[in-house]
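J.: Dumping the structure here so I can ask a few things about it.
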Amino acid sequence: MSDEESAARPGIERRTARDVRSEHRVLLSFSDSDLEAMPLVPEGTRLARLGWYLDLHDPAKADFLASGDETVEPGQHVIARKAVPGELWEELRRACDGVLGRRTLRPAV
């Protein structure tokens, strides 16, 4: 099932970043409402080719462009760029930099 197919299937429980906050330092500074606005791509979903994603388990990678052959593995927490408001996505990218101690060169939104 692709990223688009999983988003369109009713009855699938949609988890959000709020459900996994305690597992990821990147998420600790976000409000509950912000985390609720970050749906996780369901396990077993094939990532859309040329779609932008963020793997919460790998903040060093920050956001990445999918090649289309990646699948969300069990226990992996991935967020799709297209499912998150732009300002929140930029804040998430900056949080990845902060966790890694990198200086953020991205402009504030």
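The values are calculated or read from the model by the stated rules, or taken from the named source; none is laboratory data. Predicted model, so just to flag it, every value in this text is computed and none were measured. Ligands, DNA and RNA are stripped out before the accessible areas are found, and what is left, the full protein with its side chains, is counted by its heavy atoms. Shrake-Rupley method; radii C 1.70, N 1.55, O 1.52, S 1.80 Å.
J.: Quick one: grab the alpha carbon gyration tensor of the stretch 42-86, order the square roots of its eigenvalues as a ≥ b ≥ c, and give me rounded if a/c is under 1.5, else prolate or oblate depending on whether a/b is larger than b/c.
T.: rounded
J.: Next up: Hey, any idea what % of the stretch 8-59's accessible area is carbon plus sulfur with a 1.4 Å probe? Write down the numbers at each step before the final one.
T.: Values: 1390 of 3020 Å².
For the stretch 8-59, the apolar C and S fraction of the accessible surface comes to 46 percent.
J.: For the stretch 15-109, what is the accessible area per residue in Å² when the probe is 1.4 Å?
T.: 54
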